[in-house]
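Read the figures in this text as sums done on the coordinates, not as results from a lab. Small disclaimer: the values here were computed from a predicted structure and weren't measured. Please note: Cβ atoms are built from the backbone with ideal geometry, for glycine as well, and neighbour counts cover all protein chains shown.
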Amino acid sequence: MTITDFLAPQHVVLDVRLPDKRRLLEDLARRAAATLALDAGLVRGALEAREALGSTGVGGGIALPHARLAQVRRPSGLMLRLRPGIAYEAIDEKPVDLVFLLLIPAETPSEPLNALACVARRLRDPGLVAALRQIRDPAAFYARLTDGR
């Protein structure tokens, strides 16, 4: 599985300004709901329920909010770069500026975990993360994220 299996180029949004984590989750829910023809409140509730279990801020300015939804048939992603970063209750307590939302089907146990692991592996590369913070064009950002060049 690769990121291109669940992230389309048009789902990369750069330099979004949001004041806090709550507004970020609302924005992610609204964007994902529009893409997948779902109710934004349903998506937001699922994201908030997941965050209540523990922050998805993995450190290094990166957050991987995700949720399982019965209405989702296959993994679906959305990538945002925030300017400036926001407090997110990340494990290292640093502000988050790179956010990869992943919505996954509720019923299939392994495929969704593979999608999340795929994103986590890519965003563990410090060189890639540094490049993603500098790229100005969403198409170039997508290309770098998905193929490493």
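For E93 and L53, compute 0.36 nm times the residue count separating them, minus their Cα-Cα distance, and round to one decimal in nm. It would help to have the intermediate numbers written out before the result.
Numbers: separation 40, 0.36 × 40 = 14.40 nm, distance 1.68 nm.
So the chain would gain 12.7 nm between E93 and L53.
Express as a percent, rounded to the nearest 5, the fraction of DSSP beta bridges in the chain (both residues included) that run antiparallel.
Values: 9 of 18 bridges.
Bridges in the chain are about 50 percent antiparallel.
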Here the FRET efficiency for D15 versus T35, based on Cβ atoms and R0 = 22 Å and rounded to 0.05, is 0.65
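If you place +1 on the Cβ of every Lys and Arg and -1 on the Cβ of every Asp and Glu, how big does the dipole about the Cα centre of the chain come out, in debye to the nearest 20?
Details: 21 positive and 17 negative charges, 58 e Å.
Charge dipole, the chain, about its Cα centre: 280 debye, nearest 20.
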Which of [x] 11, 39, 28, 15, 6, 1; [y] 12, 46, 37, 5; [z] 9, 27, 35, 23, 5, 0 gives P(r) over Cα pairs in 10 Å bins from 0, in percent as computed here? It is [y]
Distance in Å, no decimals, from the C-alpha centre of segment 113-149 to the one of segment 37-105 is 16
